[in-house]
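Bear in mind that the values in this text are calculations on the coordinates, not laboratory data. Quick caveat: nothing in here was measured; it's all calculated off a predicted structure. Glycine also receives a Cβ, built like all others from the backbone with ideal geometry; neighbour counts cover every protein chain displayed.
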Amino acid sequence: MTHRGAWNSRWSFILATTGSAIGLGNIWKLPYMIGVNGGSAFVLIYILSIILVGLPLLMTEVMLGRRVQKNPMNAMQSLAKESNRSSAWKYVGGMGMLTGVLILCFYSVIGGWVLSYISTAIFEGFSNITAEEASAHFNALLASPLTLLLWHSIFMIVTMSVVSRGVSSGLEKANNFLIPALFAILLILLGYSMSVGDMQSAFDFMFTADFSKITPLTALVAMGHAFFSLSIGMGSVMVYGSYLKREVSISRTSVYIAAADTLLGLLVGLAIYALVFVNHLEPDAGPGLIFQTLPMAFGQMPLGNLFGSLFFILVAFAASTSAISLVEPTIAWIVENTNFNRNKASLGLGLLIWSVGIVVLLSFNIWQDVTIFFGFGIFDTLDKLTSTIMLPLGGFLMAIFAGYLMKKHHSKEELDLDNRGYRLWQYANNIIAPVAICAVFLYLFNTTS
Ligand code: PHE
């Protein structure tokens, strides 16, 4: 028997799951994806996806995990057994575990970028850096495999050492101050952007919906990002839910988590775009966007070096709490099903991810031109495969299972909603979410074939 951790309080669960949700997805990925995918059209679909698909599936996933208190693969197996369904459902959990591992292979490389910016912020500062210099600095980082390797390795070592200690003891304390601190520093940044940046253009760019820019691909990418950002569709939330005590209200906590996550991402977006427009930069700069714009802001604001260092430190923390949740499903599976303990499991899985991460970091320089999948490079392939295919597919299967195959009184008991609330969840989980996911997949398939 392995000892399973449990959250000490409802607050710890909220913080840990918010810590999983808030990460590079909000700070690095959302801002550049808004720019690459046409601004407000993307934002609109993203917000709709969060409300109509993301939130109900977040509840579903917590509910599935808490019901049987196991890692995702064993959880799906027990849930299937409990409702007399095929044990093949366990592969939904298995696919989720694989998705998390694949995401961490590139997530850690980007986490490494953030670490390298901490070091620049502390030791060199960004004083009066120009747009060209900021961009040259970023390009120089990408061009140096050894520097990328150094920071990617440090990111992996830190992540896996926290994981090896066990999530519920290692994480609770860190999260308590981390998320509030991140919001606080973001407000400072936002205040600065408002005073010097072009907030009006940023606002128009993000919120004046231009429906003509909505393409099937935008829809899929925006929906995929809703999954990515909320950490759903792969078992992270399921495994965190499995450490959750029975008394806690799943619906209320899910609303808090989704709201904090979305708010933070949109605020970062506004802060960045106000700076982009006032400096006449291109909104569609891609993955380097925040690394090219923020140093300029920190280079000019009062106490910029201090705030810049603090900002990148907090982003690194946020990234590591997400990274931890990406591997926790697999670690929990290994510990609960094999003879390996947490330390050995963390070491082995960490080495594997670290090695694949090296391939990813080389795709930003020496292997820049290598394409492996429909003309996509290594980083793009991993990113697209996980965010736009595996996460929505995982979410779809969980929704079908929870809505149609699990016994109703079980989901009802677990969700603990009144009749109206339960019906609302059913409607979202059983109909809206699966139909939306299918529609977006089919729409894309039709237009690309
Ligand atoms: N939600 C995290 C982020 O936004 C990434 C993540 C995805 C974490 C899926 C766990 C599972 O950075």
Once amide H atoms are built 1.01 Å from N in the peptide plane, which residues 5 or more positions from F126, or in another chain, come under 5 Å H to H? none
If the cut-off is a Cα-Cα distance under 29 Å, which lysines reach K213, setting aside same-chain residues fewer than 8 apart in sequence? K29, K384
Estimated distance in nm for a label pair at F374 and S249, the labels positioned 7 Å out from Cα along Cα-to-Cβ: 4.2 nm
Using a cut-off of 18 Å between alpha-carbon atoms, which lysines can reach K90, once sequence neighbours fewer than 8 places away in the same chain are excluded? K70, K81, K407
A correct fewest-to-most ranking of L146, L64, L347 by other Cβ atoms within 10 Å would be L146, L347, L64
With a ≥ b ≥ c the root eigenvalues of the C-alpha gyration tensor of the stretch 334-403, is it rounded (a/c under 1.5), prolate (a/b larger than b/c) or oblate? oblate
From the phi angles alone, apply the Karplus equation (6.51, -1.76, 1.60; θ = phi - 60°) to the stretch 287-296 and give each ³J(HN,Hα) in whole Hz, x where the residue is Gly or Pro. x, x, 3, 5, 6, 9, 9, 4, x, 4
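Taking N as the number of residues in the chain, what is its alpha-carbon radius of gyration divided by 2.2 N^0.38 Å? Please list the in-between numbers first.
Working: Rg = 21.0 Å, N = 449, 2.2 N^0.38 = 22.4 Å.
Its radius of gyration relative to the 2.2 N^0.38 Å reference: 0.94.
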